[in-house]
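A.B. asks: So that we are looking at the same thing, I have put the structure below in structure tokens.
Bear in mind that the values in this text are calculations on the coordinates, not laboratory data. A quick note: this is a predicted structure, and the numbers were derived from the prediction, not measured. With ideal geometry, Cβ positions are generated from the backbone for all residues, glycine too; neighbour counts draw on all protein chains shown.
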Amino acid sequence: MLKFFLYNKKGVISWLLSQLALILATGILLASIASITFYSDWKKEAEIKAIAAELASWIYRIDLKIEENITKFFFPTKDFYYNVSISTDYIIIERYDGRFKDKIRIAYPLFIKPFVIKENLDIDWKNGEELHEKLSNLELIENRGTINDPILSYRKDDTKNYLKNILDELAKELALQPLQVNINKPLIIEKCIIYFDDSSSIGLVIIYQEEG
């Protein structure tokens, strides 16, 4: 009887060990699959983050210009579909081929606040040329703010207040509905400079897409 018990006990232990080994093997396999899946999504997120970082770099580069400048940013062609939108604070990029979750989304912060212009806003200028024209038609300013037609220095505060109010309105509007970018068209990034007759100036970055 004792021999049978010992033999049976060994059998039970052997069975338990085999089950434990199976459980461990299954756990390792599942962990490997999860790791591969996680790495795949991480890599996909890194790809769109690189696009956002490149665009942000172009925006900062234009901001550092000391003269007025207009450049075009062309979005890279990828073997996946992605959406781009921009506010005064973030570049938002989304793609829809994740494994853990269908949508992979990143919001890349901007360290300057550009004037991001989109259609259907209550602003009657879109680019630097139109802004200069707008300033010349404002009763409190009345000059274009160009090198050849600088704004009088005593109207500097009025100019700053006008620009601040516009930027504040843009920030509110774009926080709710960012500019939806067509990645098949270039994004226009413009450095506009407002000059005053005391040799001072204000620089701002304007971002928009051409219509049509």
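A.B. asks: So what's the gap between the Cα centers of the range 131-170 and the range 175-192, to the nearest angstrom?
C.D. replies: 24 Å
A.B. asks: Excluding Glu67 itself, what net charge comes from residues whose Cβ is under 13 Å from its Cβ, given Lys and Arg +1 and Asp and Glu -1?
C.D. replies: Cβ neighbours under 13 Å give a net charge of -1.
A.B. asks: Skipping prolines and chain starts, which residues have an amide H placed within reach, meaning under 5 Å, of the one on Val181, given they are 5 or more residues away or on another chain?
C.D. replies: Val84, Ser85, Ile86
A.B. asks: Right, here's the next one. In nm, to one decimal, how far is the modelled label at Lys160 from the one at Glu45, with both set 7 Å along Cα→Cβ?
C.D. replies: 4.1 nm
A.B. asks: Please report Rg over Rh for the range 82-190, where both radii come from the alpha carbon positions and Rh follows the Kirkwood definition.
C.D. replies: Here Rg/Rh amounts to 1.09.
A.B. asks: Using 0.36 nm per residue of separation minus the Cα-Cα distance, give me the extension gain between Lys172 and Asp79 in nm, one decimal.
C.D. replies: Fully extending the segment from Lys172 to Asp79 adds 30.1 nm.
A.B. asks: Oh, and also: In what order do Arg155, Arg61 fall by count of nearby beta-carbon atoms within 10 Å, going from fewest to most?
C.D. replies: Least crowded to most crowded, the residues run Arg61, Arg155.
A.B. asks: Could you compute the FRET efficiency for Asn184 and Asn148, with r as their C-beta to C-beta distance and R0 at 41 Å, rounded to 0.05?
C.D. replies: 0.65
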